[in-house]
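See structure below.
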Amino acid sequence: MLKSLLIPLGILSAIVLAVPDLVVMGYFFLVIPGLILTIIPTVFVYLLATFLIRPIVPLSSRVGANVIAFGLALVLGFVVMLPWRMIEIRRFEQAALSDIAASPTLRLTGNVLVDFPPNRYCSTAAMTCDHRCTALLDTPGVESVTKVSGYDAATFRRGPHAPGTLAQPDQPQKIMDAFDRIYGPHAMRRIVGRRHLDRTLQADWALRIAQGDTLREHTSLGRKHIDWRVIYQEDHRPGEPSVQRLEIRDPTDAVKARRSLVQHRVPAPLFYFGFHGAMNNARFTVGSSTYSNQPRHFDFDPDVELLRLTQIPRPNPAPDSVERMEQKLAETLDDPNATDAHLLLAPMWLKLFQYEAGQDQIDTIAKILLDDRIADPHELLRTTLRGNTDLTALRAGLAKRCLAAEEPQARSWYVSELVGLPAATFAQPSADERAIWDRATSVPEAAPFLERLADQGAVVLPELLGILDQVVEKPWHERFRVVHGIREAFMRLGPNAAMASPHIRSLLAERPSPLTQSADDRLQWLLALARMGVPVEELPYDSWVTGPSDLQRHSKRIHRQLKRYNAEHRTEPG
C-alpha cells in the first residue's frame, strides 16, 4: 500500500516543488487545495522514510511494522533538525544582547557623536545636519554634534561664534514624527495640522540662522573630545540574525543605554517543508519559525528609542515663524548687503513647499532665480512648484539660470520649463533666450528650446532650415536633439511652415534619412508635415503603403494624432 502511495505523491511533490506557483493558485481559488498541495512534499518525505525503515522493523504484523516505522521516521526528522536548530538558537542568543534601560533618562551634554549607517534611500552623498543632529543641538548643554555615516564624518555646531562653513539643517521637522509616536500628536499639531507645524519648525530654524544663531559644519572632532556616543547598528545579512540596535556610550565607552530588535529564522524541531511568498516569489523552504527578543509586531524606530532613552526636548517653534520668515526673505532679496546667513533664507524657504508653491509664491521665486548671490535652486524647484502653475513670471530667471548652469541636469530642467511656457511667450525674445538658441547645436540640453523659435512666426523658417542643414551631416547622437527640436517648431508653426515642406520631404526621401532613426521618428515627421499643410493622403508614407487599404489605415492614424495634438495644444487643424 505504501508503495502505491509513494509513486503519485512523489510525482506531485516534484511538480509543486518545481512550480510552487501552483500552491498559490490553490489558495487563491479554494483554500483546501492550497493546504493539500502545501503538505504533499512533507507527507511524501515521511512516507518514503517509513517505506525504507519498515523492512528492518522485526515485526510480522504489517500494521504494527508500519506504525513503528512511521514513529522512527518522525524521530529521524527530529534528530536531523536538532544540531542545525541548536546552532541557530545559539547564534540568536549571541546576537540578542540584553536591553539596558537608563533610569533616569540620560542627559547628553558636551560633544555628542551620532553614528548611523548611510541612508540607502538618499541619493546625495553630502554630510548634512539631519533631524537628529538639529534636535541634539537644541538640547541644553550640547555643544556640538559629530555625525558619522560610513566613512564620512563632520562636526556641526550652532551659535554666532561657531567655527566652520555655513550649513543648512536637513529636514529638522522629521523629529516630530518620533515625538508623536511616543506622546501622541501635540495639541497644536492636532489643531493646525502636521504640515503647518513642520513648516513652522523649518521656518524657526531659518530665522535663527538669519539672526546670527548660525549652523556650521567643521572637520570632525577626534575621539578623545567626544563626551557621548549614540550608535545605531543594522545587520540584515542573509542567513544571519537580523539586528537593529541603538546604544548610548559614555566617554569610557561603557554602554549606558541599549535598545535592540533581534530576529532570526530558527529551524523547526521537526523537519517539514514550509511554504512562503506569493505569485512572484513563491517557494518551499525547510520549516522554521522567527525568534525575536521583542514582542510580536514590535516596530523598532531608532529615533523613537533615542528620545525614550535621553532628555531631548520637544521643539516648540513660534506659531508665526513662517510669516516672519517670508517677511525677512523679502527684505533680504531687496538688500544688496545681505549676508550669506541671510541668503540661506531663500533655499530654506523653498524647502517649505512639497509641490505646493503656486501663483502666490511665483514672484518670490522669480526674485530668487534672478539673484546671482543664491546658489542654483533647480533641485529645490523640482519639488517646490505645484503642477499646472503658470511660470511665465519666471521666464527671465529660467533663461538666466540655464545659461549659468554647470550641470547638464540643471540645464535640461530649465530648458524643459521654458519650453512648457504658454504659446507666444517668446514672440519677442530676450538676449538670454537668443543665447540659448545660439547654443542649441553645441550644448545638447539647449536643443529642445528650438521648438519655441516658432513663437516668432514664419520669419524664423530660414533660421530653422539653416540649423537643420548645419546638423544633418553630424552623427545621430549629436544631431537627434536638434532634429527633434526643429520638428516640434514646425509642428507649432503649422501652416506657417508650409514653405519648408518640400525641403523636409526631400530629406525624408534620402536613404537613410538624416531626420529619422526609427519608425516613430518618421511618424512624427509625417505628423509635422500634415500640420504644415500637406494633405494626409499625400504624405510620404514610402514603404508603409503598398495599397489603398494601407493608405486608408495610416491616414486614419495620422488624423487621430492630429486631433490629439490640436486638442493638447489648442490649435487649429493644420
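Observations, loosely collected:
- Share of carbon and sulfur in the accessible heavy-atom surface of the chain [1.4 Å probe, %]: 56 percent
- From the alpha carbon centroid of the range 438-462 to that of the range 112-174 is 46 Å.
- Under 5 Å, built H, 5+ apart or other chain: amide partners of THR310: LEU106
- Report summary: the helix-based calculation at 222 nm, which adds -39500 (n - 2.57) for every DSSP H run with n ≥ 4 and divides by the residues of the chain, gives -15000 deg cm²/dmol.
- The packing ranking, built from the mean of other Cβ atoms within 10 Å per residue, places the peptides 238-248, 449-459 in the order 449-459, 238-248, highest first.
- Solution diffusion estimate, µm²/s, Stokes-Einstein, the range 15-63, Kirkwood Rh from C-alpha pairs, 4 °C, viscosity 1.567 mPa s: 103 µm²/s
- Ranking by accessible area, most exposed first, for MET86, MET532 with a 1.4 Å probe: MET86, MET532
- Over the range 13-126, the fraction of Cα-Cα pairs per 5 Å bin, rounded to whole percents and listed from the shortest bin up, is 2, 8, 9, 8, 8, 11, 11, 9, 7, 6, 6, 5, 4, 2, 1, 0, 0.
- Computed E for ASP550/LEU35 - FRET, C-beta separation, R0 60 angstrom, nearest 0.05: 0.60
- Too-long pairs where the Cα-Cα distance tops 19 Å, listed order kept, from LYS174/LYS351; LYS367/LYS400; LYS174/LYS224; LYS147/LYS328: LYS174/LYS224; LYS147/LYS328
- Sorted peptide list for 328-340, 396-408, criterion being average Cβ within 10 angstrom, highest first: 396-408, 328-340
- Three-way shape call for the range 61-220 based on the alpha-carbon gyration tensor, with the a/c threshold at 1.5: prolate
- Cα-based values for the chain, radius of gyration first and Dmax second, are 34.8, 108 Å.
- Cβ-placed point charges (K, R +1; D, E -1), dipole of the chain about Cα centre in debye, nearest 20: 2360 debye
- Gain in span if fully extended, GLN327 to ALA254, counting 0.36 nm per residue against the direct Cα distance: 21.4 nm
- Beta bridge orientation in the chain: antiparallel %, DSSP, nearest 5: 75 percent
- Entry note, the chain: relative contact order of 10 percent, from Cα contacts under 8 Å with a spacing of 6+ residues.
- Annotation: TYR355 carries an accessible surface of approximately 130 Å², with a 1.4 Å probe and no ligand, DNA or RNA atoms counted.
- Annotation: the range 223-297 has a Kirkwood hydrodynamic radius of 15.3 angstrom, from the mean reciprocal C-alpha pair distance.
- Where N is the number of residues in the range 287-393, Cα Rg divided by 2.2 N^0.38 Å: 1.63
- TRP84 contributes about 110 Å² of solvent-accessible surface, heavy atoms of the protein only, 1.4 Å probe.
- Residue-normalised accessible area of the chain, given per residue in Å² at a 1.4 Å probe: 52 Å²
- Stretchable slack from SER543 to GLN517, in nm (0.36 nm times residue separation minus alpha-carbon distance): 7.8 nm
- Overall Cα dimensions of the range 435-547 - principal axes, largest extent first, Å: 48, 29, 18
- FRET efficiency for SER103 and ARG237, using Cβ-Cβ distance with R0 set to 41 Å, rounded to 0.05: 0.75
- Rg/Rg_globular for the range 359-449, with Rg_globular taken as 2.2 N^0.38 Å and Rg from C-alpha atoms: 1.01
- For the range 124-250, averaging the sequence separation of C-alpha pairs within contact (under 8 Å, six or more residues apart) and dividing by the residue count gives a relative contact order of 26 percent.
- Furthest towards positive pole of dipole, ILE312, TRP349, TRP525, structure part the chain, Cβ charges: ILE312
- Sites ASP340 and ARG181 - FRET efficiency at Förster radius 30 Å, r taken between beta-carbons, to 0.05: 0.25
- Cα-based helix-to-principal-axis angle, 519-531 vs the chain, degrees rounded to 10: 30 degrees
- Projected area, mean over directions - the range 125-167, Cα convex hull, nm²: 3.3 nm²
The values are calculated or read from the model by the stated rules, or taken from the named source; none is laboratory data. Owing to the predicted nature of the structure, the values given are computational and were not obtained by experimental measurement. Note: ideal-geometry Cβ built from the backbone for every residue, glycine included; neighbour counts use all protein chains shown. What goes into the accessible areas is simple: the full protein's heavy atoms, side chains included, and nothing from ligands, DNA or RNA. Shrake-Rupley method; radii C 1.70, N 1.55, O 1.52, S 1.80 Å.
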